[in-house]
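Report on one structure; see the data block that follows.
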Amino acid sequence: MRLIGLIASACSLVASIISVSFFNPTEHVLFDLGVQLVRFSMDSLGYIMVILTNAVFFLVFLSNYYNQIIGHRRFTALAFLMQFGLLGVFTVNTILGFYLFWELTLIPIFMILYWFGSFENSRVLMKFFLYTLFGSLAMLVSVIGLMQITHQQTYDALLAADLSTIGNAGIWLMGGFLLAFAVKIPLFPFHTWQAQTYTKAPIAGTMLLSAIMLKMALFGLLKWVLPIFDGIATDFWRWPIITLSLIGIIYGAVIAIRHQNLKTIFAYASLSHLGLITAGLMLQNSQTNEFAVVQIVNHSIVAIGLFMAAGIIEQRLKTTNINELGGIAKVAPRFAFWFAVLTFISLSVPFTSGFIGEFFLIKAIFDVHVFSGILACTTLVLGAIYMLRAYQAPMFGPTKNEKFLDLRWSEIAVFALLSLAAIYFGLAPKCITDFVAHSLIQTTH
Amino acid sequence: MDSIVILFISGLLGLFVGMRQQTLLSLIIALGGIILAALAAFFREAYHTPLANYSNYIPTPAYVIILLCFVTLLAILGGYKRYSQDKDHIGDYFSLILFSLCGAIMMVQPNDLMLFFIGLEILSIPIYVLVGIEKGSALSAEAAVKYFFTGSFASAILLFGIALLYGATGSFQLIEIQSNLAFGIWSSPLAIIGSLFILAGFVFKIGAVPFHFWGPDVYQGASNAVLMYMSTVVKIAGIYAIVNVFGQVFRDSYLFWIDLISIIIVLSMFYGYITAWKQNSFRRLIAYSSIANAGLMLLALANTQNSNIFLFVSAYSFATIPLIIINNVANSDDDDLKNWEGIAWKNPLIAIALVVALFSLAGIPPLAGFFGKFSLLWSALPQIPYTVILALIASLIGAFVYLKLLLLALKKPSVQVKQSIPLDQIIALLITTMASLVALYFI
């Protein structure tokens, strides 16, 4: 069973890589399945997200190869259903289709979390589901409103539609979308589901949630909402959203510094990183958007790597509380090495993909507003504090855990692939930025 | 008309066969009658009543009658296990259901108000009997008496409303009433009070707030098999009657009653879902969920030109029937939600049907329930935006309720017991699940 999942996800990854090599980034490819409300198209941004999705699913199957969860038929089936939904979100060309696929991803992740997570009481899970559903319903109102007002539903027609005549209604419609995205990303006051869900979820579920599901919201913001509502509505929402993002950056980092549980630390770290990307996207500047895409890819790499490391510790020692951990580096040197590499990638040291992305995002914020730029910069310093603490406490110090099985081949393979990708995109970010540049031209002023 | 005749004849036939206590033969006759009735409706395309000539009037198309027949068929299949245990009365059950279906078909065809009333009575009286048919059970007797008294009361109010309207307009024919009202008879208090009374009668039938009190008690007292029929067909017939009378005949006074309808919608949805949250009896939970869904159905009145109710009522029926079948499996005639714990692990088909049905009721795409809700909201949003937003918030609470039930059913038990389901229920579960899944192609 586990081999089937791995091979199938590898096949989809290889197929998407082959198809991208025949793809001319200046083009749109359209598919029509005959269903009126759901049509598909691919542009270069869509391709990046599709490859990212397929890669994430492959890595999730590979990294959990020796975990029990992969042995369940239910998990494999739900994971592929979720992959289907995600690919739909990234390639669909109608606004209603976007909503349909967006919601479709919720059912499988909910079942994965429920069946394989350690949710002693279902409260946390309900919170996750209902938060998301609440945001989605707001988005549904906006989708219906947008379709009623413009009488259009495809992406290109909506871009061409003139929304300046509807005035304040545009602000409300965009607010509905932003609420859904703010829950999913998550932005500062809507984040309370995140840490609890990540901590209780099975490690594969956490990887899927943080590495690819949250990217749906950023993708929606970048491709759909900002270009369509360009004008009064984006001007209205720009600074509120950026403020929330900045609060999230600092708040997430501060909580991460104080927390004792590795998974919670990484969850808040994720809140902090995604705040920076959101703030950058709201500036609507084409170069910033390109580097935001680089940062989206980078965050997926970091999320898989870090949560995998936390999962390895949890699976072998049954705890992720850093007070109970120590001296693992002596017992498991290979794990210590690869965990260190991933820590540095997430610290965005130069020559990794995180550096180039964060640098340009912070620079863009600086250009617009200096004080906000300074606040955004703190992510680098605070990030160093919590990441080094999260690395140092379990790895060094007095040995509290004598028995620790060192890495297996599949885990080394995942770490190596992630590091290679991070360094490659760090040295040559142009391969992403140039590729997506064409489809991002529409998204700016 | 053909459908009604066919149903009536097969109902009579069923009574005679029932005397010889042949369960399978009774089932075949009932199913055959329903299928023939649906075919008759299909080949007739639409019923050409006098109203069909009227330019702006939308006659009830044949597919509504086909839906009614189809849902009844599923309800009979799902309840067959229960009916066949009672060999003495097997013919009575099926015949009563078929007679009641005749009334439902009469109700959904727009013609004149007397026909509505007769249809309503033909629909209701067999159900009063069916609810009370469990002679040993005190709950069942209580439910039957309650339903009968409140139901007759509502019928009387409806009749009174029809009489007042007759006084104002001088006709029972819907088309004449409509044209008379268009001349401005609306200022007449007779017409206003008459239409309010008619509204009260219909709202009672679909069980929306403030005429919902009979719902939970009656649903709890009825057996699972009867409930399958009662909670779906009566609602479909009732909502089509409301849409035909209010959305068409009274459409000139739209601004007068739409506020009232909005209040009914919001109250029903909030009351239904919030009360459903704390129930620990399954049939009461279904009753409150159906109150809330009745509120949602009323959203179809918001847009008189285009009332997209069909998808929603079919999605609601295809989600409610499997739930009641599963309740039948979980606790055969008992009614406690405790027995639902871990039910999904007893049989894979139950698990799939349950997940699809509950997510469909909660309105998660790509299942039928979402498209039903979507088409309702789509046409209602420009007319009554605030009601729609409140309805969405209420349906979030509804998602809570269904999710709670789902989590209960999916909880892994310490000891797994496999349970097999009889063939007729397997067929009903499969059909409803498939219907909920393929809804995407019908929009």
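The values are calculated or read from the model by the stated rules, or taken from the named source; none is laboratory data. Note that the structure is predicted; figures quoted are calculated from it, not measured. Glycine also receives a Cβ, built like all others from the backbone with ideal geometry; neighbour counts cover every protein chain displayed.
For the reader, a short list of remarks on this structure follows.
- Within the option set A:THR105, A:THR91, A:THR150, being away from chain B (no Cβ under 12 Å), β-branched (Val, Ile, Thr) and under 20 Å from the mean Cα position of the chain (by Cα) holds for one residue only, A:THR91.
- Cross-chain or 6+ apart pairs with Cβ under 8 Å, the stretch B:78-94 first and closer than 14 Å to B:MET230 by Cβ, then of a type in the set (D, E, K, R): B:GLY78/B:ASP424; B:ARG82/B:ASP333; B:TYR93/B:ASP86
- Note on the stretch B:303-327: residues that are surrounded by 21 or more Cβ atoms within 10 Å (Cβ to Cβ) and either among the β-branched types (Val, Ile, Thr) or at pLDDT 85 or above (or both) total 17.
- Verdict on A:VAL38 being modelled with pLDDT under 85, within 14 Å of another protein chain (Cβ to nearest Cβ) and surrounded by 19 or more Cβ atoms within 10 Å (Cβ to Cβ): yes
- Flag if A:THR197 is buried (at least 21 other Cβ atoms within 10 Å of the Cβ) and of a type outside the set (Lys, Arg): yes
- Test: A:LEU140 is in contact (Cβ under 8 Å) with a residue 40 or more places away in the chain and aliphatic (A, V, I, L, M): yes
- A search for C-beta distances below 6 Å between a residue of the stretch B:280-291 that is free of Cβ contacts under 8 Å to residues at least 60 places away in the same chain and any residue that is surrounded by fewer than 24 Cβ atoms within 10 Å (Cβ to Cβ), counting only pairs 6+ apart in sequence or on different chains, returns B:ASN280/B:LEU337; B:PHE282/B:ASP335; B:PHE282/B:LEU337.
- Odd one out for A:LYS127, checked against (1) under 24 Å from A:PHE236 (Cα atoms); (2) within 11 Å of chain B (Cβ to nearest Cβ); (3) surrounded by fewer than 17 Cβ atoms within 10 Å (Cβ to Cβ): (1)
- All conditions but one from (1) within 9 Å of chain B (Cβ to nearest Cβ); (2) in contact (Cβ under 8 Å) with a residue 60 or more places away in the chain apply to A:SER118; the one that does not is (1).
- All positions within the stretch A:68-88 that are more than 11 Å from every other protein chain (Cβ to nearest Cβ), small (Gly, Ala, Ser) and crowded, with 22+ Cβ neighbours inside 10 Å: A:ALA79
- Remark: B:PHE359 falls outside the filter, which requires a residue to be buried (at least 17 other Cβ atoms within 10 Å of the Cβ), aromatic (Phe, Trp, Tyr) and over 24 Å from A:PHE116 (Cα atoms).
Here's the yes/no breakdown for (1) under 25 Å from B:LEU376 (Cα atoms); (2) among the hydrophobic types (A, V, I, L, M, F, W, C):
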residue	(1), (2)
B:GLY170	no, no
B:TRP214	no, yes
B:TYR229	yes, no
B:ILE239	yes, yes
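- Restricting B:LEU406, B:LEU410 to residues that are surrounded by 19 or more Cβ atoms within 10 Å (Cβ to Cβ), within 11 Å of chain A (Cβ to nearest Cβ) and free of Cβ contacts under 8 Å to residues at least 60 places away in the same chain narrows the list to B:LEU406.
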